[in-house]
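Data first, discussion second: the structure below is written as structure tokens.
The values are calculated or read from the model by the stated rules, or taken from the named source; none is laboratory data. The shown structure was predicted, so the numbers you read here are calculated from the model rather than taken from an experiment. Reconstructed Cβ throughout: ideal geometry from the backbone, glycine too, with neighbour counts over all protein chains shown. Remember, those area values only see protein heavy atoms, side chains included, never the ligands or the DNA or RNA. Shrake-Rupley method; radii C 1.70, N 1.55, O 1.52, S 1.80 Å.
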Amino acid sequence: MRKIIFYSLAVSGLWMTSCQTDQLQDEVEPSLTAHEDVVYKQLELEPISLNSINPTGRIQPQSDYRLILHKAEYIAASKSGHQGVTVIFNDRGNKQLQDDFSPFASLDGSSDISYYLDQTRPSSSISLARTESALQRVVTTWEGVQCSDLGLNRVSNIPIPIGIVAAIFGFPGEPVYVADVNHAGWMPSSFFENLAPGGSRFILGVTFTLLLVDGEGNFVDTNQDGKWDVGLREIYYNDNFSWSDDGSAIDVETVALHEMGHGLSQAHFGKGFVKKNGDIQFAPRAVMNATYSGIQTRISGTDLGGHCSNWANWPKK
Ligand SMILES: [Zn+2]
């Protein structure tokens, strides 16, 4: 933790303080896109060797792959004056491209997508059983999308916290490969302050993408789809917020559906408009909007389109 150095290269100021939204004269300010709101950070981290994370599978043809923490995408709370941004930790000097899984470079040796649901770091505001049910509904929802066949399969629980990113930030977490998409539990405020100043007050959940790099430290694209190959993703939820499954607080299923969307390679979507009262309204409203706007538990419209463009040919591509 202590050896990590952040370099802030560019920070969008528009959404960093809520007072700025009060100065808007119009009902809406239609100029906000996710791309304009990227916060760049560089993290001084060496790639992680695959030996050290104990992959059970194999990747071919090269065996000198390592993992590098590449980005974090977070969803912001409603009425926070923020919209979620992509935090880039390490761009490796390459043009920033999208990233997704490759059937030719799977850390568990399977083109099926595995997932993990942590049971060691529950929310302090909703029971583990209710959270488990919500997360299982999320998996069922993504699995139920007709255009894709992900082979989603759950990895059995282990009795200790997992998380390469948790370990990097100095929190309990085994820095091992567990599954392709890892819901790694609820984290305290201090975890989210690592992502943005005051982040514990507006980040609901975050998905980290760890990419594969080759022996020279370059990203790889083994299936030649124009996207960097993902090693694994880790999802964390903010325990500084109250969560529920009955509409009385932040809805677990809605946020988990969004984060699992990132887990399955979807980016944020939708244009945000700031209303006079400071709310951000998205058009179109979608699960993959960068700011929470109440319960959304169905995949349709742009969410469906984005998913199918990523996955319709899997595992061929
Ligand atoms: Zn997001």
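Selection over the stretch 287-307 of residues that are open to solvent by 30 Å² or more (accessible area, probe 1.4 Å) and not in a loop (DSSP other than H, G, I, E, B) gives a count of 4. Mind listing whichever residues of the stretch 107-134 are of a type outside the set (D, E) and within 29 Å of Y65 (Cβ to Cβ)? Passing the criteria: L107, G109, S110, S111, I113, S114, Y115, Y116, L117, T120, R121. Taken together, S106, S110, S123 contain a single residue that is touching a strand residue (DSSP E or B) at 6+ places or on another chain (Cβ under 7 Å) and touching a residue at least 12 places away in the same chain (Cβ under 8 Å), which is S123. Take the conditions (1) within 28 Å of R130 (Cβ to Cβ); (2) within 16 Å of the ligand (Cβ to nearest atom); D246 misses just one of them, which is (2).
For first residues located in the stretch 189-217 and over 20 Å from S78 (Cβ atoms) and away from the ligand (no atom under 13 Å from the Cβ), partners that are part of a loop (DSSP other than H, G, I, E, B) and of a type in the set (S, T, N, Q) and lie 6+ apart or on another chain with Cβ distances below 6 Å do not occur. Checked against (1) surrounded by fewer than 19 Cβ atoms within 10 Å (Cβ to Cβ); (2) small (G, A, S); (3) touching a Ser or Thr at 6+ places or on another chain (Cβ under 8 Å); (4) modelled with pLDDT under 90, G217 passes all but condition (3).
Take A256 and decide whether it is closer than 21 Å to V181 by Cα and surrounded by 14 or more Cβ atoms within 10 Å (Cβ to Cβ). Yes: the conditions hold for A256. Checking the stretch 230-239 against the condition returns no match, with no residue being open to solvent by less than 40 Å² (accessible area, probe 1.4 Å), away from the ligand (no atom under 16 Å from the Cβ), farther than 28 Å from M187 by Cα and out of contact with any His (no Cβ under 9 Å at 6 or more places or on another chain). Note on the stretch 232-250: residues that are touching a residue at least 60 places away in the same chain (Cβ under 8 Å) and under 19 Å from Q83 (Cβ atoms) amount to 4. Taking the stretch 266-286 as the search range and keeping residues that are within 13 Å of the ligand (Cβ to nearest atom) and either open to solvent by 10 Å² or more (accessible area, probe 1.4 Å) or free of Cβ contacts under 8 Å to residues at least 12 places away in the same chain (or both), which one is farthest from the chain's Cα centre (by Cα)? Looking at the filtered set, the residue picked out is F282. Within the stretch 179-188, the set of residues being in contact with a helix residue (DSSP H, G or I) (Cβ under 9 Å, 6 or more places away or on another chain) and open to solvent by less than 40 Å² (accessible area, probe 1.4 Å) comprises D180, V181, N182, H183, A184, G185, W186, M187. β-branched (V, I, T) and away from the ligand (no atom under 15 Å from the Cβ): is that true of T222 in this structure? When the stated conditions are applied, T222 passes them. Scanning the stretch 177-205 for residues that are more than 15 Å from the chain's Cα centre (by Cα) and within 17 Å of G263 (Cα to Cα) turns up Y177, V178. Considering (1) over 22 Å from N289 (Cα atoms); (2) open to solvent by 40 Å² or more (accessible area, probe 1.4 Å), the lone condition that G144 does not fulfil carries the number (1).
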